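Below you'll find the structure, written out as structure tokens, and then a few comments.
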Amino acid sequence: MTAQNGKELEHVPAEQKAYATLLMYGCWIGIGIMVITYFFYLSGIIEPFVGIDKVTDLWHLPSDEFSQRLDIPGGWGWLALIGYGDFLNFIGIVIMGALTIIGYLTLIPAYIKKKDFLFTSIAIVEVLVLLLAASGILGGGGH
Amino acid sequence: MFMRLSRRVTPVFLWLSLMLFTSPVYAAAESAAAAGGGADWPWWFWPLVLFVFCFVLGILAVLAGVGGGVLYVPLVSAFFPFHLDFVRGAGLFVALAGALMAGPGLLRRGLASLRLALPVALIASTFAILGAFIGLSLPTTIVQILLGATIIFIAILLLLSKNVEYPVVTKQDAVGLALGMHGSYIEETTGKIYEYKTHRTWGGLLIFVLIGLVAGMFGLGAGWANIPVLNLMMGAPLKISVATSKFLLSITDTSAAWVYLNKGGIIPLVAIPSIVGLMLGSLVGVKILARAKPAAIRYIVIAVLLFAGVRALLKGLGI
């Protein structure tokens, strides 16, 4: 490692700056939505699918048993219940989970443009790995 | 010098400890958790207690220089009535939210490096998925024992680990060179530009297999492991290692978090006050940190981790 006094810093790559901007806005949007939907949920303004009392009665159970007892669908099944206060909360949570995938999607064209095929491949494989995890294909046992 | 340090640290420590461990909400949380459920309390009690608890954890985590997830999982699983599945699920989102929040600033300043992060993130995130499945399929008692042992290991690692600010890398290895794992950054305190490159890259990448597994299994942010591997093993400067590690969590934890989400390991009632509480606590922690450097807090947190690890271990062993 070397140190020098010049001002010649290796430029922070444009794709890195774009990724940073996406994370910043996405994260605040996700948090904001979480706070709002949580308020709707707790205040009872939007009725939950599972009553809060039932949740507190059973949250000591493992996740699969919890879901079975409360008849909660697995994987992306919650989308069908988005109108309920409890499942509305998943919008903000899913945004947080999706940000990295979206960020990587912006990196792919940037690396292709640079003809950096190694990092293009790494970014593509990472997107596939994250999509596989997000899809629930590997096993969506239940909410 | 020690007297001066202790005078500065004591009020902060007392205040935090008071809030965290002697408050009525904490005592109530512990006794209700010991009773085996949360049914005896009004519904609003637990989200409120959890929010306050996580707010204080967020402050402590910043002052101690550790990630929120590593404190969250052992402490919340030890003192709250939620099943470990939900604690780990929320823990991953807690660590993810913290990493997403910190990431933009670190990336823009060139402290977190995509070139350093992307190759290791691919390995860690892939194995975090496997870790999440293993964690969700093992019996709770086994996970509890393994979690306890891991937390005790982390506490010892934090105690003994001596990171190097500017590791000497005389020659970059072939893997690091091929992956372009090098860069430069401005050291803001001196205005100097530092260039860095990695060595022992292949070995470092292999260790990220284990880091991913542990992160996914226990829902822990893996900063405690990322930093020594990037810094001590691969030779990245400490600032770059800390920043890249923080950013790395946003990728590693995303993959495991999706598994928990799809397998029903997320209860919004638990996850949201945890995420928001810890994030707000971290913001306050940063402000406190700007005024004082309470080094002793780090040792207190290590002691708390040891305590939580032993407790998890004993819980798993049924003692």
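Bear in mind these aren't lab numbers, they're just calculated from the coordinates by the rules spelled out. This is a predicted model, so every value here is computed, not measured. All Cβ positions, even for glycine, are placed from backbone atoms using ideal geometry, and neighbour counts span all protein chains on display.
One table, with the values for the structure above:
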quantity	calculated
Over the protein assembly as shown: helical MRE at 222 nm, DSSP H runs n ≥ 4 each giving -39500 (n - 2.57), nearest 500	-23500 deg cm²/dmol
Cα long-axis angle, helix B:295-317 against chain B (0 to 90 degrees, to the nearest 10)	60
Backbone N within segment B:197-211 under 15 Å of label point (7 Å from B:K171 Cα along the Cβ vector)	B:198-201
Rh (Kirkwood; distinct C-alpha pairs) - chain B, Å	19.9
Size of segment B:116-269 as Cα extents on the principal axes (Å, biggest first)	50, 32, 30
Dipole of the protein assembly as shown, positive direction: furthest Cα of B:Q172, B:A90, B:A149, with charges on the beta-carbon	B:Q172
Rg ratio (alpha-carbon, reference 2.2 N^0.38 Å) - segment A:71-136	1.45
Mean projected area in nm² (Cα convex hull; one quarter of hull surface) for segment B:43-122	6.5
Spatially proximal lysines relative to B:K197 (Cα-Cα < 26 Å; intrachain offsets below 8 disregarded)	A:K7, A:K17, A:K113, A:K114, A:K115, B:K162, B:K171, B:K239, B:K246
Stretch gain in nm, segment B:I142-B:L317, where the contour uses 0.36 nm per residue and the Cα spacing is subtracted	62.2 nm
Test item: Cα-centred dipole of chain B, Lys/Arg +1 and Asp/Glu -1 on Cβ, debye	800
Kirkwood Rh and Cα Rg combined as Rg over Rh, evaluated for segment B:85-147	1.08
Ranked list, fewest to most other Cβ atoms within 10 Å of each Cβ, for B:F55, B:F45	B:F45, B:F55
Spatial extent of segment B:211-312: Rg and Dmax, with the Cα atoms as the point set, Å	15.7, 43
Pair B:A178, B:F45: separation of 7 Å Cα→Cβ label points (nm)	5.9
Mean Cβ count within 10 Å, highest first, over the residues of peptides B:217-225, B:309-317	B:217-225, B:309-317
For B:303-310, mean number of other protein chain Cβ atoms within 10 Å	0
Interatomic Cα distance distribution for the protein assembly as shown, bins of 20 angstrom, percent	26, 58, 16, 0
Protection-proxy order for peptides B:235-241, B:207-213, each taking the mean of Cβ atoms within 10 Å per residue, highest first	B:235-241, B:207-213
Highest average packing first - B:111-119, B:261-269, Cβ atoms within 10 Å	B:261-269, B:111-119
For residues of A:46-56, the mean tally of beta carbons on other chains within 10 Å	4
Distance (nanometres) between label positions extended 7 Å along Cα→Cβ at A:W76 and A:I102	1.6
Average beta carbon contacts from partner chains per residue of A:63-70, 10 Å cutoff	4
Reciprocal of mean inverse Cα separation for segment A:1-139 (Kirkwood radius, Å)	18.2
DSSP loop trypsin sites (Lys or Arg not before Pro) with at most 16 other Cβ within 10 Å excluded, longest remaining stretch of chain A	A:8-113
Pair B:L160, A:S43: separation of 7 Å Cα→Cβ label points (nm)	5.3
0 to 90° range, to nearest 10: angle between helix B:140-160 axis and chain B longest Cα axis	50
